[in-house]
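A short reminder: the numbers here are calculations on the coordinates, not readings from a lab. Computed from a predicted model, the values in this text were never measured in an experiment. FYI the Cβ positions are ideal-geometry reconstructions off the backbone, even for glycines, and counts take in every protein chain you see.
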2 protein chains.
Amino acid sequence: MSTAWTSRYAQRTKGIKSSAIRELLKFTQRPEVISFAGGLPASEVFPTERFRDACCKVLESQPHLALQYGATEGYEPLREMIARHIARYGIKAKSENVLITSGSQQALDLIGKLLINPGDRVLVEAPTYLGALQAFNVYGADYVSVPSDEDGLRFDLLENPLRSGPKFMYVLPNFQNPGGTTLSEGRRHELVLLADKYGIPIIEDDPYGQLRYEGEHLTPLVVLDRENLRRDNGYSIGNVIYLSTFSKTLAPGLRLGWIVAPPEVIAKLVQLKQGADLHTSTFVQMVAHEVARDNFLDEHVKLIRRVYRERRDVMFEALTQYFPPEVTWTRPKGGLFLWVTLPEGADAQKLFEAAVRENVAFVPGDCFYAPNGHQEEARRHMRLNFSAASPEQIREGIRRLSVAVKTQLEALHPIATRR
Amino acid sequence: MSTAWTSRYAQRTKGIKSSAIRELLKFTQRPEVISFAGGLPASEVFPTERFRDACCKVLESQPHLALQYGATEGYEPLREMIARHIARYGIKAKSENVLITSGSQQALDLIGKLLINPGDRVLVEAPTYLGALQAFNVYGADYVSVPSDEDGLRFDLLENPLRSGPKFMYVLPNFQNPGGTTLSEGRRHELVLLADKYGIPIIEDDPYGQLRYEGEHLTPLVVLDRENLRRDNGYSIGNVIYLSTFSKTLAPGLRLGWIVAPPEVIAKLVQLKQGADLHTSTFVQMVAHEVARDNFLDEHVKLIRRVYRERRDVMFEALTQYFPPEVTWTRPKGGLFLWVTLPEGADAQKLFEAAVRENVAFVPGDCFYAPNGHQEEARRHMRLNFSAASPEQIREGIRRLSVAVKTQLEALHPIATRR
């Protein structure tokens, strides 16, 4: 009937598979399942009433603006608010440096569109954010994967990959997805210097930076790039493009993210965004601005931090209580995820099938590696989300998961685990 | 400073220029200017109160769903509503045939991403929708342009271009942007048969179909394709992908459009949309559904038709009253635009500069032609929008524009116009 279509798909759909997370969603939506699989914020902390008031205010005071076509760059007061907001982290930006995107995912798509020709290499962490790989794959990206440890990207393994001439590097310095790790202050300094030395731009993706539960905020790469390299152009953006989002602080259902970049890069991105979706919903931008204003967002983020820190700590405790001692996990100081390492020979994909039978879900580690990026190592990991489930569910879910884990490890090393 | 970026832009940014319409916006926003340049719906007819009630209802009854991540395919009740709604035009579709997009512009981007490899030819009307050219250019499209007349795409000039093997053809059958013309019923039948004969899929873009001010609705290509070619797969979509939007019936500030396609095409588009923006705002989809339900949308569209018909008629009258007899224009039976043809030798770009001095704006015709698509002919046209300005502004604007037109024509043919 419509076989004519299949033969017509462009090269860029080659090898695109539906994301594992997407397929999981069907399963995890069953009420008996406790899911650590998604990256969902806790919906019970959404500031619903504030949203309702904001909608009323926007539609009463400026309905014609809110419901009409708007500028591709974004709603000017929101761009200004973002520029003010990121100044606290040392990022010097004017509204002209800020492009509003339809979620941070669109930022990744536009960056892929702007920078990647088929066959271009992108330097990524191993593991890295699945959605970035999906966005970049479409444009024919190849990858150079550099492993991370608890201090983020392994600096000692970085110089050769940089020398190989990647088009850019893509890094999540804070509470990385999926690793939960944070790039140390020392490595941040080294990274911007080395990137500058080899002329490799950095995409700094920072969706979770504000969700820190302990310790001090570390300096963004975009700021170190300016300070260490004395870029004095009035804004701090030289070799680094900085991305963030309202998805983890206000609500992901808005689909609101942003890009901070030099004006000439913003200008190109604006042209690409115009062809991609004209602009992000004016109404949603105005509502988000109205919700966030007068320091509400700052207060609200404090609440989120309290809730997520408790859930993280409950997960730490439950893991210690239930999991066998040969299993380890990262100790993220913020964000939404931790990363579990199973002993050699374990297989998280098979473990996932067993977990399903126990009514608990996670994402197997191999989803987070670029093609040819350490797939053997990848099998030994699972990503666990601690923001979406309640403390009680977390305890029970980790208990269920431990049953599946123990069963697999016993089959692997029958004698060792029987001790 | 950030010169590193410029050398890194991908091939697909080559030759991308900021759209003329975009640049015009700055000028047309000055209060003294009467603009026929944009494609803005009349903001005074936005159903503001209904929107406010809908926001409250959604945020009171289902806040956790509205503000959370959602399915890439879209909000299921909205997909079902769209499937029911298009059934009145004979389009048989289930919700699984409907993908919600971030405006109709995203539909064009996803179709370009799915179907266009660099150098692939796309068959377009000359003139055609500027935004489609912008979306397809990024993927390296070449074009075959086929002229239109008052009955739409010139069928007599179609067979050779089809034989040349374009990847697909892109057609706006109803009240075309910019031409204002409608593809006749006879040509519609011929078109789907010929497309099937040569195996060329059709993208049927129908943003304005509901805004018909006189005459009967004509059968969509997607329906004729099924009927004429006896496709009995339970839905009517075989060789045609159908696009539409809420931008012209509810509000463009929502950024809500949709694609109707066979399930296997939807599945591919869903994967591409996932990488592009994960999904369209859940909140906005739920609000639109709440606004449109219980036949409100149908009643509201009747109001829009009354308002726009009046404005169109006022523009017809003013053109007749003020414009010199050697200038002609199309007589659209619906939509937002009419298309003015100036005598040979005229130059709409220069006319635009003169119009600016009279504080009136339009879009010069050459913006709407694919590269190498009849640029000589293109210079003789202007697109005029009649939905955004009030009847009084339309009369005054056409009077001002006529001053610029007469001045240019006098310079062209000093004797003829002095009679």
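Directionally averaged projected area (region A:63-293, Cα convex hull): 11.8 nm². Our estimate of slack between residue A:193 and residue A:326, defined as 0.36 nm per intervening residue step minus the Cα-Cα distance, is 44.1 nm. Residues B:304, B:398, arranged from fewest to most other Cβ atoms within 10 angstrom of their Cβ, appear as B:304, B:398.
Averaged over peptide B:99-112, the number of partner chain Cβ atoms lying within 10 Å of each residue's Cβ comes to 4.
Considering only A:194, A:118, A:158, the residue lying farthest towards the positive end of the dipole of region A:118-200 is A:118, judged by Cα position with unit charges set on Cβ. The other copies place their residue A:11 label points at 0.7 nm from this one, listed shortest first, where each point is 7 Å from Cα along Cα→Cβ. Mean partner shielding of peptide B:252-258, defined as the number of other chain Cβ atoms within 10 Å of each residue Cβ, is 6.
The rotation axis that maps chain B onto chain A passes nearest to the beta carbon of this chain B residue, listed with its distance in whole angstrom: B:55, 2.
Loop only per DSSP, at most 16 neighbouring Cβ atoms within 10 Å: give me the trypsin sites (Lys or Arg not before Pro) in region A:103-160, ordered by residue number. Please report the intermediate quantities before stating the final value.
Values: sites: A:113, A:121, A:154; in loops: A:154.
Passing both the DSSP loop test and the Cβ count: A:154.
What separates the residue A:293 label point from its copies, with the point 7 Å along Cα to Cβ, is 3.1 nm, written shortest first. Label point of residue B:392 (7 Å along Cα→beta-carbon): distances to the other copies' equivalent points are 6.5 nm, sorted ascending.
Neighbour counts of C-beta atoms inside 10 Å place A:57, B:302, A:92 in the sequence B:302, A:57, A:92, starting with the fewest. Among the cysteines of chain B, those with no neighbouring cysteine Cβ under 4.7 Å are B:56, B:367. Specify the longest stretch of chain B that does not include any exposed loop site, a site being one of the GluC sites (Glu not before Pro) with a non-H, G, I, E, B DSSP assignment and at most 16 other Cβ atoms within 10 Å. Looking at chain B, B:33-149 is the longest stretch - no exposed GluC sites (Glu not before Pro) with at most 16 other Cβ atoms within 10 Å. Per DSSP H run of at least 4 residues, take -39500 (n - 2.57); add these up for the protein assembly as shown, divide by its residues and hand me the 222 nm value, nearest 500 deg cm²/dmol. Mean residue ellipticity at 222 nm (helix-derived): -13500 deg cm²/dmol.
What is the mean number of Cβ atoms from other protein chains located within 10 Å of the Cβ atom of each residue in peptide B:68-80, rounded to a whole number?
3
Between region A:127-151 and region B:106-162, what's the alpha-carbon centroid distance in Å? About 34 Å separates the Cα centre of region A:127-151 from the one of region B:106-162. One chain, two ends: residue B:392 and residue B:6. Fully extended at 0.36 nm per residue, the span grows by 134.2 nm beyond their Cα-Cα distance. Shape class for the protein assembly as shown, computed from the alpha carbon gyration tensor (a ≥ b ≥ c): prolate, with a/c not under 1.5 and a/b above b/c.
Out of A:382, A:181, A:61, whose Cα points farthest toward the positive end of the dipole of chain A (charges: +1 Lys, Arg; -1 Asp, Glu; placed on Cβ)? Checking the options against the dipole of chain A, the answer is A:382. Helix B:391-412 axis versus longest C-alpha principal axis of chain B: approximately 50°, rounded to the nearest ten.
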